[in-house]
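Notes follow once the structure below has been shown.
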Amino acid sequence: MPNEDRGKIKYPDRYKQLISYEGLERRRHITPTDFDGFIDYNGVAFIYIEGKLEEKEFDYGQRRALENVINSHILAKHEACAIIFRHNEPPDKIIIAKDKFVSEIYYNNKWTQLKNNVTLLECIEKFENLCELKGLNI
């Protein structure tokens, strides 16, 4: 795939297609969740990305799922974080994630609220710089 196409929506006619997890309730009444983005840096560092509407509460199950997956990476000696960004785009508009402001991150076993207008791209770059400072080949 040419570099200019990386990150673009590959099938725009399907990007609005919903996936229902109805009927997949499991033990303890858990159901599948999804994450909006994922970056794997050579199996040594990982970023999980979730976008939420400005006014939408970040639900408990998805928050716990992110905490659990990040904590499991930490146990495996990987760098990992979850980044939550907020938006107010109408349903018919494509969300340009890199420019949206991060509301919170989960790193080192704690959630941190961000109030200083850090974009998703800036937050990812800070994580990458941290990994490189730690000597990771990302």
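Computed values, structure above
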quantity	calculated
Condition met for Gly23 (among the small types (Gly, Ala, Ser) and either within 23 Å of Arg86 (Cα to Cα) or in contact with a Phe, Trp or Tyr (Cβ under 9 Å, 6 or more places away or on another chain) (or both))	no
Any pair with Cβ under 8 angstrom, 6 or more apart, that starts in the stretch 51-80 at a residue that is in a helix (DSSP H, G or I) and ends at one that is modelled with pLDDT under 95 and of a type in the set (Val, Ile, Thr)	Gly61/Ile30; Gly61/Thr31; Gly61/Thr33; Gln62/Thr33; Ala65/Thr33
Count - residues of the stretch 88-101 that are assigned to a helix (DSSP H, G or I) and free of Cβ contacts under 8 Å to residues at least 12 places away in the same chain	0
Candidate set: the stretch 74-96, residues that are touching an Asp or Glu at 6+ places or on another chain (Cβ under 8 Å) and not β-branched (Val, Ile, Thr); chosen: the one farthest from Glu57 (Cα to Cα)	Ala82
Matching option when the condition is under 10 Å from the mean Cα position of the chain (by Cα), within 13 Å of Ser103 (Cα to Cα) and without any contact (Cβ under 8 Å) to a residue 40 or more places away in the chain, among Phe46, Phe85	Phe85
Meets criteria (surrounded by 10 or more Cβ atoms within 10 Å (Cβ to Cβ), more than 16 Å from Glu128 (Cα to Cα) and of a type outside the set (Val, Ile, Thr)) for Leu53	yes
Extreme residue, modelled with the lowest pLDDT, among residues of the stretch 106-118 that are farther than 19 Å from Asn88 by Cα and surrounded by 10 or more Cβ atoms within 10 Å (Cβ to Cβ)	Asn108
Leu121 vs. criteria free of Cβ contacts under 8 Å to residues at least 60 places away in the same chain and under 22 Å from Arg6 (Cβ atoms)	yes
Scan of the stretch 29-42 for residues that are at pLDDT 90 or above and either farther than 23 Å from Arg86 by Cα or surrounded by fewer than 10 Cβ atoms within 10 Å (Cβ to Cβ) (or both), ordered by number	Tyr41, Asn42
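For every residue, the table says whether it meets (1) touching a strand residue (DSSP E or B) at 6+ places or on another chain (Cβ under 6 Å); (2) among the acidic types (Asp, Glu).
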residue: Tyr21; (1), (2): no, no
residue: Glu50; (1), (2): yes, yes
residue: Tyr60; (1), (2): no, no
residue: Leu66; (1), (2): yes, no
residue: Leu75; (1), (2): no, no
residue: Ala82; (1), (2): yes, no
residue: Asn88; (1), (2): no, no
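The values are calculated or read from the model by the stated rules, or taken from the named source; none is laboratory data. Not measured: the values here are computed from a predicted model. For neighbour counting, all protein chains shown are included, and Cβ atoms are generated from backbone atoms with ideal geometry for every residue, glycine included.
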